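Here's the structure, in C-alpha cells; my notes come after.
The values are calculated or read from the model by the stated rules, or taken from the named source; none is laboratory data. Since the structure is predicted, the reported quantities are computational estimates derived from the model, not experimental observations. Every residue, glycine among them, receives a Cβ derived from its backbone with ideal geometry; neighbour counts consider all protein chains shown. Surface accessibility is based on the protein's heavy atoms, side chains included, excluding ligands, DNA and RNA. Shrake-Rupley method; radii C 1.70, N 1.55, O 1.52, S 1.80 Å.
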Amino acid sequence: MFQNYLKTAYRNILRYKAFSFINLFGLALSMSVCLLIIMLIKDAYSYDLFHPKSERAYRIITKPDRKNGRSETYAPSPYMVAKTLADDYTQVELWTPLVRNFSGALQYGEKSFDFNGLLTGPSFFEMFGFELEQGSPAEALESPYSIVLAHELAERMFPNENPIGKALNIPGFAAGFRVTGVLKPFPGKTHLEFTALGSLSTQLAEEKLPGADNVTGEWRDYYSVYNFVRLKAGVDKSAAELALADIANTRYQGLELESRDRGYAFALQPLGDITPSMPLSYSMGNGMPVFLIWFLSALGLAILLSACFNYTNLAIARSFQRSREVGVRKVLGAAKGQVFWQFINESVLTALLALLLAYPLMKLAKLQFARLSFTEFMDIDMREDLALFGLFLAFAGIAGLMAGLLPALALSRTKPMAVLQKFQNATIIRKIGLRKVLLVVQFTLALFFLIIVTITWRQVSHAMAVNFGFGQPSTLLVNLQGQAYGKASAALSQVNGVEQVSAISHVMGTWQDGSTDVRTSEDSEKTGVRHYFIDHQYLNHFGIKLVAGEGFPENLAQQHEHFAIVNETFARQFQLGSPEEAIGKPLLLGDSTQVAVRGVVKDFPFKPAVYAMEPLLLRYDPAQLQVLNLRLDAKNIPARLVALEKAWKELDSSTSLDASFFDETVRENYSNILDLARIVAFFGLMGMVIACLGLLGITIYMVESKAKEISIRKVLGARAGDIVLYLSKGYLLLFAIAVVIAAPASFLVGNKLLQAFADRIAWSPMLFLPGVLLLLAFAALTTGSQTVRAALSNPADSLRSE
C-alpha cells in the first residue's frame, strides 16, 4: 500500500511540472534557512552538558535596585554573599568562586603568551568535572601563585618540555607563578572561558599588599566574582533563595552602597540555563543569546509558512482536477483515511525532495552567516552528525505535513467537490476567498520585513552620521598596551604623516567609558557621572568647543588632579549656574579628590545615539591615558601604517601595533544591529521570492482555466491592455490589502525599535515606500509575465475545440 502511495505521489509531481517546481523551489528556499537555524539551535543547547550533578548546580546572580528605577542583572555577585551562604546556612553542599581580572601575558623567558584566566580553589574540579592530565586536583590550586594551564596553552608554551614546575611571570603580580597542573582537553562545550586557572589563595595574598583592591572582603563588589554553589540533595532552590534574601536584608544594613543603588537582591541561576539565556551584565561565555534563537526561529517559521501556503494554495487551485481522481478512488472502494494519507504522502515526498535541494542551499547560507560580525564573538560550532541529519529528516516530514494537511483534509471528505467549493468560497474579507487570503498573508510578511529593514538601516545611518568621531576618517586609535603616554606620544608623533596626537582613557563615541561619584560639597548626595581622562590636545583634535573657561595645561609630571572640564548638561544638573559662573566652582570626586571646574564644553554626543545627553566629566591625569589618537595625512595611508608599526616595534618589541580607525570603531557600535537588519533583509527578500512564486503559480492556473473566456473577450473586441487589466486587477487589490496590514504593523514594531535610540529619525512615507515599490515591482513582473502572454495569444488556439 505504501509503495502505491509513493508511486502515485511521484507521478502527480511529474504530471504537474510547473506547480511541482514552484512548490519544490519555494520549500527548498525556506527549508535551507530552517536547516541552518536547526544547526544553530542544536549547537546553542550543547553547553555545560558534561558538568557533574549539574541539576543541583547554580550561579548566584545580582539584581541591584537602582535609585532611578532602572533594572540590570549581573552575572557575578559579591564574594562575601556566597561565603556567608556557604558558611552560615545549611542549603549548600559545595561552593566555588571564580575571580575575574586574571588575564594578560604569561612570560616564560623571553617569550610572551596571551591568556585569559580565572582565580579559583580546589573545589573547581569537583564542581565542574574538569580533569588534569598532569598534577593533583587537591593540590594544584592550593598554594599562592600556583597556575594550571589549559591543554592547548601548555602545548603552545612548552611543545617539547614538561610544564610542571616551570616558573612564569605575569606583570602586575607581586610574585612569580609556578605551573602546578595541565588540564585535559575539555570534554564538551562550556560557558566558562579560560585558558589558565590561578589559585584563589593568590588573590588573598595580593589583597594583603598596600593599595590592593579587597575583592574577597567587599560586600558591594558585584563585578569581580562568579559564585557557583551546589545545593545539597533534596534542597529546593527556593529555600536557598530565601537564605540569599535574608543575607541581603541583614548584612547590608548600615552599609554605604554605590551612589546609584538602593539595595541588592540575589537569585540562583541553574547552571544548565546559563547558555543560552538572556544577556546579563559581565556575563561569561560566547554562546548565542536566547533572544537571537527565538528571533531567528520566528523568521524561519514565517518563511516556512509562506512556502507551505504556496503548496496549500496551488493544491486548492488544482482541486477540481484532483476531485475526479478522488471520486474514482472512492468508487473503487478507497476509504477516507486512505485518500487522506495519499495526499499527505504526496506533500511529504515533495518536502523530502525539497530537502535534497535545500541542503546545498543551506551550505551557502552557512558561509554567509559565518561572515556576520557578531558570529566572530560567538562560539558557534555547526558540525554535522547523524543526529543532525535525523533532525533534518524529521523537520522535512513536519514541513510536508504542514503543507499538505489542509488540502488532504478537504479532498478526503465524503463529498470533495462540496468541501472544496466551501474552501474556495470561504470569505474572510468580502469577495476574497481562502486562496487570496493566503496570498495576502505572504505579501504582508514580505512587506513587513522590507519596511523594518528600511527603518533600521536609515536609523543606523543617522546614528553614525551624528555620532561623535564618525567624521574623523583619518584618525587612528592606538592602544598603548601599558606603554607610558609621554614616551609613546613622543615616539609616534615623529613618524612622517602624523599631523596631530592626542590621548584619552576610553574611546568616546563607543560603549566604553568610566564612572565616578560627584558631589558639589561634602554634605551633598553622591551622583554617578561618566568620566574620561584626556590630555591637553584632545579638545582641539576633535573640535570640541569651549563655551567658557579654558582647556587643560600640559603637565606630564602632575602628581594630583587640580581641574576638571564639564559639559553644559553637567553644569545644569549640578546647578553650577551659567557656563561662565561654573568656572572655578569646586567638585568632590569619589571619596576625597577635590578639583575646580576649569572649562565648560558645548554638549556633544560623546556616547552612541542610544544614549540621551548626560553630564560629562573630563579629567586630566596622564597616568590614566590608554589610547593615542593620531591624525594622519590621508595620502598613502598604508605607508603610514607600516611606518607606525616600525616605530612601535622600536618602542616595544614584544607586542604588535594595536590600532584601528576612529570611524570604523564607531561603526562597530551598530554592527550587531546592522547584522540583524541584514538577516531580516535576507528573510524579506526570500519571503518576496516565495510569495511571487506562489503568485506565479496561481496566475498560471488562472490563465489556463480562463483561456476560453480570454479568447472570447478578444474575439468580441477586447484589447491586450484590457485583458491584462482584467487578469491583474484582483491581485492589485490583494497587494493594497497587504500594504494596509503591513504598514501599521511595521510602524508599531519600528517605533519600538526606534525607542532604543535617544537621537532618532522622524517618521515619513519614505520609510515605507521603498519596500512597497520593490514588492509591487516584483509582483507586477510575476503576473505580467503570464497575463501579457495570455493577452497576446491567438484566440483560435483556445476556441478550436468549440
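Which ones in the range 352-406 are β-branched (Val, Ile, Thr) and within 21 Å of the chain's Cα centre (by Cα)? Answer for the range 352-406, where residues must be β-branched (Val, Ile, Thr) and within 21 Å of the chain's Cα centre (by Cα): 375, 380.
Taken across the range 627-646, residues that are under 28 Å from residue 519 (Cβ atoms) and either open to solvent by less than 60 Å² (accessible area, probe 1.4 Å) or out of contact with any Ser or Thr (no Cβ under 6 Å at 6 or more places or on another chain) (or both) do not occur at all. Anything in the range 737-775 that is surrounded by fewer than 12 Cβ atoms within 10 Å (Cβ to Cβ), not in a helix (DSSP H, G or I) and not polar (S, T, N, Q)? List them, or say none. Answer for the range 737-775, where residues must be surrounded by fewer than 12 Cβ atoms within 10 Å (Cβ to Cβ), not in a helix (DSSP H, G or I) and not polar (S, T, N, Q): 756, 762.
Here is the figure for the range 568-594: residues that are under 18 Å from residue 621 (Cα atoms), of a type outside the set (S, T, N, Q), surrounded by fewer than 20 Cβ atoms within 10 Å (Cβ to Cβ) and under 42 Å from the mean Cα position of the chain (by Cα) total 4.
Looking only at the range 86-102, decide whether some residue is of a type in the set (S, T, N, Q), at pLDDT 90 or above and farther than 30 Å from residue 163 by Cα. For the range 86-102, residues of a type in the set (S, T, N, Q), at pLDDT 90 or above and farther than 30 Å from residue 163 by Cα: present. Please find, among 655, 665, the residue that is at pLDDT below 90, within 36 Å of the chain's Cα centre (by Cα), among the hydroxyl-bearing types (Ser, Thr, Tyr) and in a loop (DSSP other than H, G, I, E, B). Only one candidate passes the filter, namely 655. In the range 636-653, the residues that are under 16 Å from residue 480 (Cβ atoms) form Cβ pairs under 8 Å with partners that are surrounded by 16 or more Cβ atoms within 10 Å (Cβ to Cβ) and polar (S, T, N, Q), at six or more places apart or across chains, as follows: 648/655; 651/483; 652/481; 652/483. The set of residues in the range 138-147 that are in contact (Cβ under 8 Å) with a residue 40 or more places away in the chain and in contact with a helix residue (DSSP H, G or I) (Cβ under 9 Å, 6 or more places away or on another chain) comprises 140, 141, 142, 143, 144, 145, 146, 147.
Scanning the range 281-305 for residues that are open to solvent by 30 Å² or more (accessible area, probe 1.4 Å), farther than 13 Å from residue 378 by Cα and not hydroxyl-bearing (Ser, Thr, Tyr) returns 291, 294, 295, 298, 301, 305. Of the residues making up the range 247-287, those that are more than 31 Å from the chain's Cα centre (by Cα) and of a type in the set (Val, Ile, Thr) are 247, 250. Is it the case that the range 149-164 has a residue that's free of Cβ contacts under 8 Å to residues at least 40 places away in the same chain, open to solvent by 60 Å² or more (accessible area, probe 1.4 Å) and assigned to a helix (DSSP H, G or I)? The answer is yes, given that some residue of the range 149-164 is free of Cβ contacts under 8 Å to residues at least 40 places away in the same chain, open to solvent by 60 Å² or more (accessible area, probe 1.4 Å) and assigned to a helix (DSSP H, G or I). Taking residues in the range 339-367 that are over 19 Å from residue 394 (Cβ atoms), and partners anywhere that are of a type in the set (Ser, Thr, Tyr) and open to solvent by 20 Å² or more (accessible area, probe 1.4 Å), the pairs with Cβ atoms closer than 7 Å and at least 6 places apart or on different chains are 342/5; 342/8.
Just wondering, is there one or more residues in the range 173-189 that are open to solvent by 80 Å² or more (accessible area, probe 1.4 Å) and either assigned to a loop (DSSP other than H, G, I, E, B) or of a type in the set (Ser, Thr, Tyr) (or both)? The answer is yes, given that some residue of the range 173-189 is open to solvent by 80 Å² or more (accessible area, probe 1.4 Å) and either assigned to a loop (DSSP other than H, G, I, E, B) or of a type in the set (Ser, Thr, Tyr) (or both). Residue count for the range 512-560, restricted to those that are among the aliphatic types (A, V, I, L, M), under 26 Å from residue 575 (Cα atoms) and open to solvent by 50 Å² or more (accessible area, probe 1.4 Å): 2. Taking the range 595-614 as the range and being open to solvent by less than 40 Å² (accessible area, probe 1.4 Å), assigned to a loop (DSSP other than H, G, I, E, B) and among the small types (Gly, Ala, Ser) as the test, only 609 passes. Taken over the range 210-235, residues that are in a loop (DSSP other than H, G, I, E, B), open to solvent by less than 70 Å² (accessible area, probe 1.4 Å) and of a type outside the set (Val, Ile, Thr) amount to 8.
Considering only residues in the range 74-125 that are farther than 17 Å from residue 222 by Cα and among the polar types (S, T, N, Q), the one that is surrounded by the most Cβ atoms within 10 Å (Cβ to Cβ) turns out to be 91.
The set of residues in the range 298-312 being under 18 Å from residue 453 (Cα atoms) and touching a residue at least 12 places away in the same chain (Cβ under 8 Å) consists of 299, 300, 302, 303.
Which of the residues that make up the range 381-406 are open to solvent by 50 Å² or more (accessible area, probe 1.4 Å) and outside any helix (DSSP H, G or I)? Across the range 381-406, the qualifying residues are 381, 383, 384, 385.
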